[in-house]
Amino acid sequence: MRRDAGTPRPPAVRGYPYAWLVIFLGFMVLLRFAPNLSAAQALVFNTWLIYTIMTVGFYFVFGVSGQFAFSQAAFAMVGAYTSSWATREGTDWLLAVAFGVAVACLIAFLFAFVARKSNLFFLAIATLALSEIIDVVISQWNQFTGQIGAEIGHIHTIEIFGWKATSFSYSAAVNQRNVFWVYLATLGVVMLIGIWIARSAAKREAIAMRDEPAVAATLGVPTARVRITMFILGSAVGAFAGSLWAHGRGFAQPDDFSVELALGIFVMLIVGGIDSLWGPVLGAAFYVWVPHGLQSLHLEVFGHQIREYKQIIYGVVLLVVMIFFPEGLIGIFHRLRAFVQRDVVKGRGRTWLTDFFGLTKPTIAEQPIPEVELPPLAPEAQARAAVNGATVEGAAVLRAADIRVSFGGVRAVDGVSLDLRDGEILGLVGPNGSGKTTFLNALTGVVPASGAFEVAGQPVKLGTPGRSRAVGVLRTYQAPQTYDHLSCIEDVLISTSDRKLTGITASWFLRPWTLRRERVRWGTAATALSRVGLGPLAEEPAGRLTYGQRRLLELARSIAAQPRVLLLDEPSAGLDLGETQRLAGYLRDLRAEGVSLLVIDHKLDFIISLCDRVAVMELGHLVAVGDAATVFEDQRVVDAYLGVEES
Amino acid sequence: MTQQITRETATPALETSEPTEESKRARWSRARIAWTLVAVGFIAWAIAAFIDDGTLFVALLGAGIASGAIIAIVALGFLMIMKATGIANFAQGDLVTLGAFLGFWATDQLGLAKDGLGLSLGFGYLVALAIMFVIGVVIERVAYAPLRGREIHVVVIATLAVAIVIRTLLAIWQGGDPRSLQSWFNPGGSLQNFLFFDQGVLRINIGFLGVHDAVINAQRVVIIVVTAVVVVATMWLFARTSFGRQVRAIAADRETARLCGVKVNRLSMLSFGISSCLAGLAGILIGPLQAFDLNLGFTFMLLGFAAAVLGGFGSLGGTVLGGVLIGLTQELFGGQMLPMVAGHDALKYRSTLPFVLMLVVIAIKPQGFFGRVTRRL
C-alpha cells in the first residue's frame, strides 16, 4: 500500500503520538497481567509507574526547558504531606490532592521567580538547597505532619467517586492491582499533556529558551514566562505523583523523598533519554528493575552472594550505559530507526507503516501550501512602504540618543546618537573594537546600557532583551545564533510575530484553534525560508547548515517576524561574492517593502553599493554620518581606518 | 555631493534618561546605604549575642570557622575539577567519606578496622592521602576520560555512578558502623599537652568581658591552621606554577588551550588526583571531631558545592570566604543568634540556614558573589 507525499503538515502536528500512547498503555497492561507477577513484583511495577510520572514531570523541567533542578523529590514530598494533612483535616480526597498540588505550585512559582536568572550549577545548588529546606521543615514540623519524625501512617486511601480503589481492609494484592489502574491512568494523562505540549509552539519555544535565552528573548519568546511555567508544570506533576503515592500506600516517610530520590529522578531521565517523552519510562524501568533483578539473582561469587554487590553492579552498568548510550536508552530505538531509515528513501517505499514509525522523511515545506496564501510580508509593512516611499528625508523610525555601555572601566560605546530613517539602509562601519556590535547589543537589551531609545515614537527600555522585539526591531548576530536542536523551519517559527495561543494552557484546551494558527505561522515561515533560498533545507536540523546558510537562516527568521527595523551584524561575513550580491538583493527587496535596515559590515564595496547613508564609529564614538562617497573622503574616517601618520 | 557630513548630536526632541554617571552613583549609594544598615544591624546582633553569653559565642565562633574551613577544602576540590574539566564531580562527598575511612583503616590501633594497618598517626594519614590521589586518578580514567566532550549531565551521571560504587565498596569492606579517628590532641594521641593546649582543648580567658571558660577544641584549631596552609598552597599552585597556568588556560578556553599544546589529559588526571586528595584531607580532619559513618560526606558535598557557588565557581578567595560564611551561619547564627530572637524552637530548623543563605544569595546575585557572565553574542 503505497502512499504519495500527502499534505505537508507542520512539524508540531506530525506523527501518530496518540496511537503510540494507546499502544503503550495497552502494552503496560499486558506486561502487568500477562505473566503472573508476585506481590513483590507487583509492588515494583507500581513503583516503576509512579517514578515514571515523577520523571515525566522532570522531563518538562530539565529535558524541555533545560533547568538543572534537583527539586522534583521535594515537590513530591510537599504534595504527599500537604494532601495527607488536608485529608486528616477532613477534606475530600480529590480536593486534598488538588490542594497539595496547588501548594507545590505556589512554592515552585516563588522559587522559580527568585531563581529565574540562575543557570546550570547555580540553579542545581539552589534546588538542592530548596529540597533540604523542605525536607527539614516537614521532618520537624510536628503540628503539620501530626507525627514526630513525620513517619505517618493511615493516610486516607484512594477513593474515586465512590469507588474505593485502596483500603486498609483489602488484601495487599487487591490494593496493588487497583493502585496500578490509578497510576496507569495518571501516567496516561501526564503523557497526554506532554504530547500536547510537543504538538504546539510551547515546546519549540522552551527549547529556544533552553539553548540560548538571550537570543530567544530578542526574537520575542517570553523567556522568563516560559521558564517559570515549565518549572511549575514539572513540579506540579511531581507533587501529584507524590500525593498519589502517599495515598496509594497509606503511609509516607521523609526517607521516601530524600535527595537520593532527587538524584535518582535525574538518573532516570538521563539514562532513559533526555530528549524524549518516552525516555522517562525506560529510565524508570532501569532504575527500578535492574536492582530488583540483581536482588533476586542467586549466584555465588568469591563466597559471597552476588546480590551483595548489586549496588556496585548497578553503578557499573550505569557507567557503561552512559559511555555507550550518551543519548540514553531511547537512543537504541533511534539508532534502530536510523538503520531502517536508510532503506526507506523519501517518496519511494512509503507506506502507512513507514509513516507510523516515523521512518519517512517529512514532506518539505517548499511545496506550495494550498490553503494559505500569504503576501511576502505583512500588509502593514507594505502599507508603510506605499505611504512613505523608499526614503523619506528626516522621518526617523529608530532614534538612539546618547547610548553608553561600559565594561568595567572600558567605555565600549560612549554617547552614540544615531537616527535610522524610515525605509533606508544605513551602513555602520568602523575598525574592529570600535563598538559597533556593542551598540547593537545595547539597543536590543543584550548588554546593560544607558541612554534613550525610541522606535516609531515609542520609547523602549534598555537593558532587557525582548523590549526592542516588541516594537518590531529584529536583529542578526555576528556569530550566527541558530538553534542546532531545531529544524530550520522551527528555527524560523521561533520569531513569529503571531504569538497568540502559543502557551501551554492553550495547547491543552484550545487545540483546534492552536493548530489552525500553527498552520498559518508555518506558511509564513516557509515563505520566508524560500525567499532566502533555503526552502529545500526547511526540514534539515539547523546544526547541519554551513556558516553562510546559517546567516541566511537568521535573515529568514528576521523576515518571518515581519520587522519594522532590521539590525544586521556583519551579514556578509563568510559569504562569497555571488552570495554577497544575492544578499544585497534580499536586503534591497526588504527596503522596498518598507523595512528600515541598519547594516554593520567590513566589506566597504558591499556597504557603498547598498547603503543610502553610512555612519562611522571609532573607539566608541560616532565619527561621521553621511552619504558614502562623502564620508569616506573625510579625513577623520581615513584616520580611523588607516591610522594617523606620525610626523 | 548633496549631503553634508554632520557630527551627529543628540536629537533635542528626544529625552535622554539623563546624566548616567550621576544617577548610577546615586542608585549605587542607596544600595550601599541599605547594605550598610543590614551589616550594622547584623554586627549589633552579634555583639548582643556576645554580651548575652560570651562563652558560648566564642565556642561557636571557633566551631563555625572550623566547620567553614572543612567546607572550604571540599569546595576547593570541586573548584579544581570544575576549572580543569568544566564538570561538577558529584562523587566528592563520598570521597570525603572514603578519606575518613582510609585514615581509620591506616591508623586504627584497636583492631576495629578490617585489614587495618595500625600505622602511626602522621604516616598513616599520609598513606591515606596518597591512596586518595591514586583513586582520584583512577576515577578520571574510568568515569571521566571516556566521556570527555559529552554533555555535562551525562558526566554528572557518571560521577553519581562512581559515588554509588565507592559507597557500596566501603560498606562491604569496612561496614556501616560509626567510626571515629584519632588526633594528636585527643586522649590516646601522642602530643597530649602540647604548648597551651590543655586536655585537647584551647581555653580562652577574657575575664573583663565575662568570657571565662570558652572552649575551642584543639582539633578545630588544627583544622583552621591546616586549611590556611592548604588554601595558600592552592593559590600558589594556581597563580605561580605551570600547572596552574595551564588549568587557567583550559578554564578559559578548552579547545584553544589544547591546540596550544596544553596536555589536557595529564592535567585532568592531576586535578582529579589533587581534588580527591583534598576531599580525603577534609575527611581526615573532621574524623576526630565526630563519629562518622557512610553518610559523612553528603552534607559536606552539598555545603562545599554551595561554597563554590557563593564564590561564583571561579575565585579561590571567594570560595574560602563562602565556606567560612556557611560555617558561621550554621554554628554561630543558627546556634546562638537566631534562638535569641526566635526562641529555642528555632534550633530545630537550624540545619536549613546555610541553604536559606544560598537562596538569598542566588536571589540577589544569580551567578554567585564573584561570578561573571562572560558569554559574548
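The values are calculated or read from the model by the stated rules, or taken from the named source; none is laboratory data. Note that the structure is a prediction, hence the values are computed from the model and not measured. Virtual Cβ from ideal backbone geometry, glycine too; neighbours counted across all protein chains shown.
The table below gives the values:
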| item | result |
| --- | --- |
| Residue check, B:V356 within 14 Å of chain A (Cβ to nearest Cβ) and either part of a helix (DSSP H, G or I) or in contact (Cβ under 8 Å) with a residue 40 or more places away in the chain (or both) | yes |
| Close pairs from the range A:86-111: first closer than 20 Å to A:S71 by Cβ, partner acidic (D, E), Cβ under 8 Å, at least 6 apart | none |
| Complete set of residues in the range A:296-319 that are among the hydroxyl-bearing types (S, T, Y) and either within 19 Å of B:L170 (Cβ to Cβ) or surrounded by 18 or more Cβ atoms within 10 Å (Cβ to Cβ) (or both) | A:Y309, A:Y314 |
| Exclusive hit being acidic (D, E), on the phi < 0 side of the Ramachandran plot and surrounded by fewer than 24 Cβ atoms within 10 Å (Cβ to Cβ), set A:E205, A:E212 | A:E212 |
| Residue satisfying all of: in the range A:474-487; assigned to a loop (DSSP other than H, G, I, E, B) and more than 25 Å from A:V455 (Cα to Cα); nearest to the other protein chains (Cβ to nearest Cβ) among these | A:A479 |
| Residues that are in contact with a Ser or Thr (Cβ under 9 Å, 6 or more places away or on another chain), within 15 Å of A:R469 (Cα to Cα) and in a loop (DSSP other than H, G, I, E, B), drawn from the range A:488-507 | A:S495, A:T496, A:S497, A:D498 |
| Number of positions in the range A:278-330 that are over 23 Å from B:I139 (Cβ atoms), in a helix (DSSP H, G or I) and charged (D, E, K, R) | 1 |
| Condition met for A:T166 (within 30 Å of A:S276 (Cα to Cα) and out of contact with any Phe, Trp or Tyr (no Cβ under 7 Å at 6 or more places or on another chain)) | no |
| Residues (more than 14 Å from chain B (Cβ to nearest Cβ), part of a helix (DSSP H, G or I) and surrounded by fewer than 20 Cβ atoms within 10 Å (Cβ to Cβ)) located in the range A:223-263 | A:R225, A:D256 |
| The range B:281-315 - residue that is closer than 21 Å to B:G244 by Cα and at pLDDT below 85 and, of those, surrounded by the most Cβ atoms within 10 Å (Cβ to Cβ) | B:V309 |
| Out of A:E151, A:E159, sole residue that is acidic (D, E), touching a helix residue (DSSP H, G or I) at 6+ places or on another chain (Cβ under 8 Å) and closer than 30 Å to A:L31 by Cα | A:E159 |
| Identity of the residue in the range B:139-155, crowded, with 23+ Cβ neighbours inside 10 Å and under 22 Å from the mean Cα position of the chain (by Cα), that ends up nearest to the other protein chains (Cβ to nearest Cβ) | B:V155 |
| Selected residue (criterion: nearest to the other protein chains (Cβ to nearest Cβ)) from residues of the range A:108-124 that are surrounded by fewer than 20 Cβ atoms within 10 Å (Cβ to Cβ) and assigned to a helix (DSSP H, G or I) | A:V114 |
| Residue that is nearest to A:S276 (Cα to Cα) [pool: residues in the range A:305-331 that are within 8 Å of chain B (Cβ to nearest Cβ) and aromatic (F, W, Y)] | A:Y314 |
| One residue from A:G188, A:G162, A:G220, A:G194 being small (G, A, S), farther than 30 Å from A:F68 by Cα and away from chain B (no Cβ under 14 Å) | A:G162 |
| Qualifying residues in the range A:599-628 (those that are over 16 Å from A:L418 (Cα atoms) and outside any helix (DSSP H, G or I)) - the one farthest from the chain's Cα centre (by Cα) | A:K603 |
| Which listed residue is closer than 18 Å to A:V595 by Cβ, charged (D, E, K, R) and facing another protein chain (nearest Cβ under 10 Å), from A:R421, A:R404, A:R399 | A:R399 |
| Qualifying residue in the range A:453-473 (condition: away from every other protein chain (no Cβ under 12 Å), of a type in the set (S, T, Y), assigned to a loop (DSSP other than H, G, I, E, B) and within 15 Å of the chain's Cα centre (by Cα)) | no |
| Options A:L568, A:L552, A:L529; residue that is part of a strand (DSSP E or B) and modelled with pLDDT of 85 or more | A:L568 |
| Options A:E518, A:E539; residue that is modelled with pLDDT under 85 and either among the small types (G, A, S) or outside any helix (DSSP H, G or I) (or both) | A:E539 |
| Verdict on A:I155 being among the β-branched types (V, I, T) and touching a Gly at 6+ places or on another chain (Cβ under 6 Å) | yes |
| Where a residue in the range B:33-59 is buried (at least 16 other Cβ atoms within 10 Å of the Cβ) and its partner, wherever it lies, is polar (S, T, N, Q) and not in a helix (DSSP H, G or I), with Cβ under 9 Å and at least six apart | B:A59/B:N217 |
| Residue, surrounded by the most Cβ atoms within 10 Å (Cβ to Cβ), within the range A:125-141, restricted to residues that are more than 8 Å from chain B (Cβ to nearest Cβ) and β-branched (V, I, T) | A:T127 |
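Every residue, every condition in (1) among the charged types (D, E, K, R); (2) within 24 Å of A:V446 (Cβ to Cβ); (3) touching a residue at least 24 places away in the same chain (Cβ under 8 Å), yes or no:
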| position | (1), (2), (3) |
| --- | --- |
| A:D576 | yes, no, yes |
| A:G585 | no, no, no |
| A:S596 | no, yes, yes |
| A:F606 | no, no, yes |
| A:L610 | no, no, yes |
| A:D627 | yes, no, no |
